[in-house]
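Trainee: First the structure, which I've put down as structure tokens, then a few questions once you've had a look.
The values are calculated or read from the model by the stated rules, or taken from the named source; none is laboratory data. Keep in mind the model is a prediction, meaning the values are calculated, not measured. FYI the Cβ positions are ideal-geometry reconstructions off the backbone, even for glycines, and counts take in every protein chain you see.
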Amino acid sequence: MPDQTLLLKNADVLCTMSEPNEDENHVESEIKGGGLFVRNGIIEAVGESNSLPQIADTIIDMKGHVVIPGMVNTHHHLFQNLTRTVPAAQNSELFGWLKTLYPIWSNIGPKHVYWSTALGLAELALSGCTTSSDHLYIYPNGAKLDDSLSAAADIGVRFHGTRGSMSIGESQGGLPPDSLTEKETYILSESQRLIETYNDNNRYAMQRIALAPCSPFSVSIDLMRESAEMARSYGVGLHTHLAENVEDIEYGLQQFGMRPGEYIEAVGWTGDDVWHAHCVQLNSEEINLFSKTGTGIAHCPCSNMRLASGIAPVRQMLDSGVKVGLGVDGSASNDSGNMLNEARQTMLLQRVNSKASSMTAREALKVATRGGASVLNRDDIGVLAPGYAADITAFKRNNVDFSGSDWDPVASLVFCGPGKANYTIINGKIIVSEGQLTTIPMEKLIHEHNTLSHDLINLST
């Protein structure tokens, strides 16, 4: 096949997220009038627009836009967007919220997983997200992770599907109903099948698999250990919830006699191949453990606020050298999937927790981009530089959201809005163009999704 080339030029500002003296291909972190040249999905050149090749198969004039690397969502439960704003769950904290929603979620099946994944990834792409993980941990009525993987491929978002699981139900002292748990032998066999069928460890991979027993309050210690052994034998990642709120801490102390740091050490869940969601209640010793071992954190500010879980000590985590990325979490504990909003809330919460200089807008964008890439253990996304995947998003600034913010166009992405992406490009392919999804008709997507959501409403009344 002939080469496919793409030229973006004349951006008001191109924010590369590159750092000084990073490598031989270093480019400036912010380039006025900047652009980039892409060949076959890989960035070949970055710089001032007049320094780039001027001929390409596709040329997009980015005048009036700020261009940044595509944002990376490190934690989500896409199926949950079928149950946004459930009245009985609106004002509950984590455990009560889960117990309210488990019976509703028991009615989902393959179609629900496919269309919720498709809609959720479309929502993310429209907010400038190019890579997303997803934590699917229930499989009622024949649903499988394969359904999510199929939807991700159809939307065109770079995807880390995690094979979640729950094996300890109420009858054994766990939180979920027994009907939503699986036998651990089956969980492990399914995990192996999914890795062998779908995982791609090559550079620029569009789909990867990780293993993700749901949480300390829903799986056994044995499953945590055996999942870690399997993941490492195949070179795939490990993901779970950890230290989400005070109830979570209390459960671990009662059931295991351990705090979260002691627990993850005991089950072999530290290292650069591991990332934990939330981590709101980590103490200083546990933060140092994460730093020392290269263990990552998916910070979910909106969900943490919605469920009153607390304010994660992100400033301390970053200062300690911990890898931190952003996650929108489930769209029933957030009700939105906008990555710029997560970046904004990250910045604001750290300021509320300390002082106005605790986090800058640029730091928040860094966490949203290359921070998330690092958490997912990837060195091929999150930066706009030669040799990186062409995962790019552009925000048009000539609108009411950004009017009056030409003082600092880059900071405006976080301080103002949050805006929607005018362009989202993934692996060199245009997924969002002029604010519109290009891969699946939006009307069809919304219709199918709402129909399935209404079915769940009817079953629950």
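Residue by residue, here is whether (1) crowded, with 20+ Cβ neighbours inside 10 Å; (2) within 18 Å of R232 (Cβ to Cβ); (3) not charged (D, E, K, R) holds:
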| position | (1), (2), (3) |
| --- | --- |
| E262 | no, no, no |
| A277 | yes, no, yes |
| Q281 | yes, no, yes |
| I287 | yes, no, yes |
| T293 | no, yes, yes |
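Trainee: Among the residues of region 41-98, count how many are under 30 Å from A308 (Cα atoms) and of a type in the set (D, E).
Mentor: 1
Trainee: Please work out which residue is modelled with the highest pLDDT, limiting yourself to region 250-266 and to residues that are within 19 Å of F95 (Cα to Cα) and out of contact with any helix residue (DSSP H, G or I) (no Cβ under 8 Å at 6 or more places or on another chain).
Mentor: Step by step, filter region 250-266, then rank; the result is L253.
Trainee: Continuing with the same structure: Filter region 328-374 down to residues that are under 19 Å from F402 (Cβ atoms) and small (G, A, S) and give me whichever is surrounded by the most Cβ atoms within 10 Å (Cβ to Cβ).
Mentor: Within region 328-374, the match that is surrounded by the most Cβ atoms within 10 Å (Cβ to Cβ) is A368.
Trainee: May I pose another question? Any residue at all in region 203-218 that's β-branched (V, I, T), closer than 30 Å to A151 by Cα, in the same structural domain as L98 (by TED's automatic domain parsing) and out of contact with any Ser or Thr (no Cβ under 8 Å at 6 or more places or on another chain)?
Mentor: Step one: filter region 203-218 for residues β-branched (V, I, T), giving 209.
Still in the list and also closer than 30 Å to A151 by Cα: 209.
Filter again for in the same structural domain as L98 (by TED's automatic domain parsing), leaving 209.
Checking which are out of contact with any Ser or Thr (no Cβ under 8 Å at 6 or more places or on another chain) leaves us with none.
Scanning region 203-218 turns up no residue that is β-branched (V, I, T), closer than 30 Å to A151 by Cα, in the same structural domain as L98 (by TED's automatic domain parsing) and out of contact with any Ser or Thr (no Cβ under 8 Å at 6 or more places or on another chain).
Trainee: Looking only at region 381-398, filter to residues that are closer than 15 Å to S127 by Cβ and not charged (D, E, K, R); which one of those is surrounded by the fewest Cβ atoms within 10 Å (Cβ to Cβ)?
Mentor: So, considering only residues that are closer than 15 Å to S127 by Cβ and not charged (D, E, K, R), the one surrounded by the fewest Cβ atoms within 10 Å (Cβ to Cβ) is A394.
The rows are residues; the columns are (1) without any contact (Cβ under 8 Å) to a residue 12 or more places away in the chain; (2) surrounded by 14 or more Cβ atoms within 10 Å (Cβ to Cβ); (3) not hydrophobic (A, V, I, L, M, F, W, C).
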{"site": "M1", "(1), (2), (3)": "yes, no, no"}
{"site": "N10", "(1), (2), (3)": "no, yes, yes"}
{"site": "E19", "(1), (2), (3)": "yes, no, yes"}
{"site": "G41", "(1), (2), (3)": "no, yes, yes"}
{"site": "D57", "(1), (2), (3)": "no, no, yes"}
{"site": "I60", "(1), (2), (3)": "no, yes, no"}
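Trainee: Have a look at D222, D178, D248 and point out the one that is assigned by TED's automatic domain parsing to the domain that holds W105, among the charged types (D, E, K, R), more than 18 Å from L289 (Cα to Cα) and touching a Pro at 6+ places or on another chain (Cβ under 8 Å).
Mentor: Going through D222, D178, D248 in turn, just one is assigned by TED's automatic domain parsing to the domain that holds W105, among the charged types (D, E, K, R), more than 18 Å from L289 (Cα to Cα) and touching a Pro at 6+ places or on another chain (Cβ under 8 Å): D248.
Trainee: Would you confirm, using the coordinates I've provided, whether I155 is of a type in the set (V, I, T) and more than 23 Å from the chain's Cα centre (by Cα)?
Mentor: No; evaluated as a whole, the condition is false for this residue.
Trainee: Could you check, for region 139-162, whether at least one of its residues is modelled with pLDDT of 95 or more, among the polar types (S, T, N, Q) and not in a helix (DSSP H, G or I)?
Mentor: yes
Trainee: Moving on. Look at P177 and say whether it is surrounded by fewer than 21 Cβ atoms within 10 Å (Cβ to Cβ) and in contact with a Phe, Trp or Tyr (Cβ under 7 Å, 6 or more places away or on another chain). Lay out the reasoning, then the answer.
Mentor: On the way: surrounded by fewer than 21 Cβ atoms within 10 Å (Cβ to Cβ): yes; in contact with a Phe, Trp or Tyr (Cβ under 7 Å, 6 or more places away or on another chain): yes.
The answer is yes for P177.
Trainee: Here are some residues: L349, L365, L384. Which one is under 20 Å from the mean Cα position of the chain (by Cα) and assigned by TED's automatic domain parsing to the domain that holds P20?
Mentor: Of the residues listed, the single one that is under 20 Å from the mean Cα position of the chain (by Cα) and assigned by TED's automatic domain parsing to the domain that holds P20 is L384.
Trainee: Sticking with this one: Tally the residues that are part of a loop (DSSP other than H, G, I, E, B) and either touching a Leu at 6+ places or on another chain (Cβ under 8 Å) or crowded, with 18+ Cβ neighbours inside 10 Å (or both), restricting the search to region 311-327. If you could, list the steps in order and put the result at the bottom.
Mentor: As a first pass, look at region 311-327 and keep what is part of a loop (DSSP other than H, G, I, E, B): 311-313, 320-322, 327.
If we keep only those that are either touching a Leu at 6+ places or on another chain (Cβ under 8 Å) or crowded, with 18+ Cβ neighbours inside 10 Å (or both) as well, we get 311-313, 322, 327.
Result for region 311-327: 5.
Trainee: Filtering region 270-299 down to residues that are assigned to a loop (DSSP other than H, G, I, E, B) and touching a strand residue (DSSP E or B) at 6+ places or on another chain (Cβ under 6 Å), which residue is nearest to N338 (Cα to Cα)? First the steps, then the outcome.
Mentor: Of region 270-299, the ones assigned to a loop (DSSP other than H, G, I, E, B) are 270-273, 279-283, 294-295.
The next check asks that each one be touching a strand residue (DSSP E or B) at 6+ places or on another chain (Cβ under 6 Å); those that pass are 273, 279, 295.
Values: D273: 26, C279: 21, T295: 25 Å.
Filtering region 270-299 for residues that are assigned to a loop (DSSP other than H, G, I, E, B) and touching a strand residue (DSSP E or B) at 6+ places or on another chain (Cβ under 6 Å), the one nearest to N338 (Cα to Cα) comes out as C279.
Trainee: Here's something else I'd like to know. Which one is nearest to N245 (Cα to Cα), of the residues in region 57-111 that are in a helix (DSSP H, G or I) and of a type in the set (K, R)?
Mentor: K99
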